[in-house]
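Read through the structure below, which is laid out as C-alpha cells, and then see the notes.
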Amino acid sequence: MLFSVIRCRPFCTGAVLYANTQISRYARLGHVENARRVFDEMSDKSIISWNSIIAAYFQNKLPQEARSLFDRMPDRNMASWNGMISGYVKNGMTREARRIFDAMPERNVVSWTSMVRGYVQEGVIVEAESLFRQMPEKNVVSWTVMLGGLIQDHRIDDARRLFDGMPVKDVVTWTNMISGYCQGGHLAEARELFDVMPRRNVITWTTMISGYAQNLQVDIARKLFEVMPEKNEISWTAMLTGYTQSGRIKEAVEIFERMPEKSIISCNAMILGLGQSGNVTEARCVFDRMREKDDGTWSAMIKGYERNGLQLEALNMFPLMQRAGIKPNFPSLISVLSVCASLAILAHGRQIHATVVKSQFDLDVFVASALITMYVKCGDLVKARQVFDRCSPKDIVMWNSMITGYAQHGLGEEALQVFHEMCSLGMAADDVTFVGVLSACSYTGKVKEGLELFESMRLNYSVEPTAEHYACIVDLLGRAGHINEAMNLIEKMTIEADAVVWGALLGACRTHKNLELAEVAAKKLLLLEPKNAGPYILLSNIYASKGRWEDVVDLRKVMKARNISKSPGCSWIEVENKVHMFTGGDSVEHAEHGAIVGMLEKLSGLLRAAGYSPDGSFVLHDVDEEQKVHNLGYHSEKLAVAFGLLRVPEGMPIRVMKNLRVCGDCHSVMKLIAKITGREIILRDANRFHHFKGGLCSCRDYW
DNA sequence: CTAGGGTTAG
C-alpha cells in the first residue's frame, strides 16, 4: 500500500499538472469541449483543475456553464471566487460579478481590483472610484486599473493627479498614462513621460508610436519605430495603420512586406488600408493568401468592395463568410448592413435585420443606427422609425440617423419634430444634427425657420458652422430662388467653401437657369474635384448652349488629359431577393429583355395618350451628350421600373435605385407612370429620394 | 487557476 502511494504520487501529480495545462491550452484555442473532456477524464481533480475548467468556460463566453461547475465544485479557494468575478467581468456581467463579490467569505486585493475593473469597463467610474476608496489594501495593479478608468472617462487631469500621487508605479502604469495622453491628442505630454520613465518595454514603444500615427504624425512615428529596441507584430501593425490612415499606401505596403510575422490582424489592417485607397484587387490578393481568416478579415474585404462600388461582390461575400464558419458578428453585420443600405436592397436588409435580432445585437446603438440608415436608404421609413422607437437609451448617432433620414426623404416636419423631441430630452445636438435639420428645412422650403436655426446653432448650441452647414443654407436660399443671396453668403463665409458648397450653388443655378453663376460654381468645382466628371459635362453643356464651341473643345481636351470619364448610368431593383442591374441603352441584356421592352412600348403608348412628349433639353443637368442622344426611353431607371411593373406584386411600392442623378425626362415620365398605373414608385438617385405617387413627386420637382 | 498597458472594426 505504502509502496504504491510512494510510486504513484509523483506520477499522479505530474498527470494532474499536465491535464491542467491541457485544459488551459484548449481554452485558449477555443476548444472548450476538448478542455471539458480532459477535465471529465481526470481521476484526480485538484481545485486548480476546477478553476481551470471554469476559466475555460468564461474565456469561451459560456458563463452559465462556468457557474454550474462553480456551484458543484467540492472545495473553493480564493482563486475560485476571484475567477468567478473576473469571468463575469470579462463577459460584461458586472451585476453577477458583484453578487459573487458580496457573497464570498473573504476578499483579497485581486477580488477588489477585479470588481473595480468591472465598473470601469461598464463606464460607471463613480462606482469604481467609490469601491477603490473602500479597498483595505491597494497595490500597483489596483492603482493602475483606477488610472485606466479615469483615462477612459476623459478625465485626463484627474488621471495625472492620481498618477503623480501613486506610491509605486511600474511600466504598465507609465504606459497607461502615456496612452491616455495620446488618446486625447496630447502628444507633447505623452512624449515627456516617455522620455523620463525609468524603463520602457515593447508595449510602451508601441503606444507612443501608435499615438503619433493616430494623430497623423506618421513621420515621427517612423523615426521612433526605426530606433525601438525590439519589435513585435503589433508594433509593425501600428506603423502600418499609421501609414494607411495618412493615405500613404505605398509605405504601408512596404511595412507589410518587411514585417517578419504577419498576424491576422496585420493582414486585416492591410486589406482595410488597400480597400480604403482604392486598391481592392490587391486587397483581395492579401485576402486570398491568408491561411487563417477571422471575422475582421471578411468584414475588411466586404468593406473594401463596398467602398469601391463593387457592392454585389460585397454582398456575395456574406454567405461565403458564413459558409467558412464565421458567425455574423458585430463588424461584419455593420459592414453588410451598410452594403444593403448603399444598394438599398430591402429584402436583404430585412434578412440581416433578422440575423441581428438572433445574434442579440439589436439593442446596440451602433447596430441600431446602421439598421436605421439601412431602412432609410431602402426607403422604408416606417421600419426605420420602429427600430428607432424600440431602442432605448438612444445615443446621438441614432437621433442623427433618424433626423437625417426624414430629411433625405423630404419629410421636413417629421425631421424637425424628432429634433425637438431630442432637445426636450436634454440630448445635446451636434454638427451632424444640424446638417440634418438644416437640410430638412431646405427640402421643405422653410427658409425662415432654417435661417433661424442656423443662427441659434452657434449661439444656443455652440456648434460652429462647417462647410456642410453653409452648403445647407446655400441650398436653402438657392432653392427659394435667392441665388444672389446664396452667392453673398459664400463670399462672407468664415471658412473656405468646399465642393459641397459650390455643388449646392450649382444645383440652385440649374433649377433657376442662372448660367452666369453656374459657370462660376462649375469652375470652382473643377479645381476642387478634378476627378469628378459632373461639373465638366455641365460646364461643357453651358458653353454649348451659348455657342462657345472653342471652350467646349478645350474642356474636352482637359478631360481627356486628366483621364476623366463619366461613370455609366445604372439602375437596379431587388425582386424576390435578387438584385437586377440595368445599364442605359441595351449594352447588357437582361434575361427578360423582351418583356421589358414590351412593357416600355405599352407605357409609351399610354404616356403619349396622356399628352407626354420627350424632353431632351435639360442643358443644366450633368447628362452627357451621348446619353442624351440615346433614346430617352432606354435610360436605366426606366428599364428598372418597367421590370418592377412586371414583377413586383400589385400594391407593393416599386423601389428602384440609380447611381447618378435622375434625368429630367425620366423624372416627368415617372410621375406619369405612377399616375397611369396607380403604383407607388420610390426612386433613390445619387442625391436623394423621389416618392412618385399619383402624378406627383415628393421632391416637388427640385433635386 | 484569479487583477492592469499597445494593433483591425459605423
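The values are calculated or read from the model by the stated rules, or taken from the named source; none is laboratory data. Just so you know, these numbers come straight off a predicted model, no measurement behind them. Cβ atoms come from the backbone with ideal geometry, glycine included; neighbour counts cover every protein chain shown. All accessible areas refer to the heavy atoms of the entire protein, side chains included, with ligands and DNA or RNA removed. Shrake-Rupley method; radii C 1.70, N 1.55, O 1.52, S 1.80 Å.
Miscellaneous remarks
- In nm, spacing of pseudo-spin labels at A:Lys602 and A:His31 (7 Å Cα→C-beta vector): 6.2 nm
- Difference of contour (0.36 nm per residue) and Cα-Cα distance, A:Met652 to A:Asp395: 89.2 nm
- The distance separating the Cα centre of segment A:475-532 from that of segment A:227-304 comes to 40 Å.
- Fully extended contour minus Cα-Cα distance, from A:Thr21 to A:Lys546, at 0.36 nm per residue: 180.7 nm
- When the P(r) is computed for segment A:251-386, the part past 23 Å accounts for 34% of the Cα-Cα pairs.
- Of the residues A:Thr281, A:Thr373, the one with the largest accessible area comes first in the ranking A:Thr281, A:Thr373, computed with a 1.4 Å probe on protein heavy atoms.
- Using alpha-carbon coordinates, inclination of helix A:431-443 to the longest axis of chain A, degrees: 20 degrees
- Remark: segment A:269-339 carries a charge dipole of roughly 80 debye about the Cα centre, counting +1 on each Lys and Arg Cβ and -1 on each Asp and Glu Cβ.
- Solvent-accessible heavy-atom area per residue, rounded to whole Å², over chain A at 1.4 Å: 48 Å²
- Derived scalar couplings between HN and Hα for segment A:657-671 equal 10, 9, 7, 10, 6, 5, 7, x, 5, 4, 4, 5, 5, 4, 4 Hz in order, rounded to whole Hz, by the Karplus curve 6.51 cos²θ - 1.76 cosθ + 1.60 (θ = phi - 60°), x for Gly and Pro.
- Helix A:346-358 and the longest principal axis of the Cα set of chain A meet at an angle near 20°.
- Label point distance in nm, A:Arg155-A:Val124, each placed 7 Å from Cα along Cα→Cβ: 1.6 nm
- Zone residues, segment A:120-157, relative to A:Glu106, backbone N less than 17 Å from point 7 Å out along Cα-to-Cβ: A:136-138
- Dipole of chain A computed with +1 at Lys/Arg Cβ and -1 at Asp/Glu Cβ about the Cα centre; of A:Ile564, A:Gly503, A:Ile302, farthest Cα towards the positive end is A:Ile302.
- Inter-label distance, nm, simple model (7 Å from Cα along the C-beta direction), A:Met290/A:Asp164: 4.5 nm
- Signed unit charges on C-beta, dipole axis of segment A:472-565, positive-most listed residue A:Leu555, A:Ala521, A:Pro535: A:Leu555
- Stretching A:Glu421 away from A:Ile48 to a fully extended chain increases their span by 128.7 nm, per 0.36 nm per residue minus the current alpha-carbon distance.
- With the largest listed first and rounded to whole Å, the semi-axes of the equivalent ellipsoid of segment A:377-528 from the Cα gyration tensor are 29, 17, 13.
- Surface composition of chain A: carbon and sulfur atoms hold 54% of the protein heavy-atom accessible area at a 1.4 Å probe.
- Which of A:Asp498, A:Asp164 is most accessible, then next, and so on - probe 1.4 Å: A:Asp164, A:Asp498
- With the cut-off at under 18 Å, measuring from each backbone N in segment A:289-313 to a point 7 Å along the Cα-to-Cβ line of A:Ala324 picks out A:289-308, A:310-313.
- Evaluated with a Cβ-only charge set (Lys, Arg +1; Asp, Glu -1), chain A carries a dipole of roughly 1280 debye about its Cα centre, given to the nearest 20.
- Oblate is the label for segment A:394-464, because the ratio a/c of its alpha-carbon gyration tensor axes (a ≥ b ≥ c) is 1.5 or higher and a/b is not greater than b/c.
- When shorter helices are ignored and each DSSP H run of at least 4 residues is given -39500 (n - 2.57), the per-residue value for chain A at 222 nm works out to -21500 deg cm²/dmol.
- Largest accessible area first, the listed residues A:Cys570, A:Cys509 line up as A:Cys570, A:Cys509 when surface is computed with a 1.4 Å probe on the assembled protein chains.
- Take every pair of alpha-carbon atoms less than 8 Å apart whose residues are at least six positions apart; their mean separation over the length of chain A yields a relative contact order of 5 percent.
- Net charge dipole size for segment A:387-496 [Lys, Arg +1 and Asp, Glu -1 on Cβ; Debye, nearest 20]: 160 debye
- Separation of alpha-carbon centers, segment A:342-386 and segment A:188-208, rounded to whole Å: 43 Å
- Spatially, segment A:75-93 and segment A:130-171 are offset by 22 Å when compared through their Cα centroids.
- The calculated FRET efficiency for A:Asn484 paired with A:Lys523, based on their beta-carbon distance and R0 = 25 Å, is about 0.90.
- Positive end of the dipole of chain A (Cβ unit charges, origin at the Cα centre): among A:Leu150, A:Ser235, A:Tyr443, the Cα lying farthest that way belongs to A:Ser235.
- Within chain A, the proportion of Cα pairs with more than 47 Å between them is 31 percent.
- For chain A, the longest principal axis of the Cα atoms and the long axis of helix A:202-214 meet at an angle of about 20 degrees.
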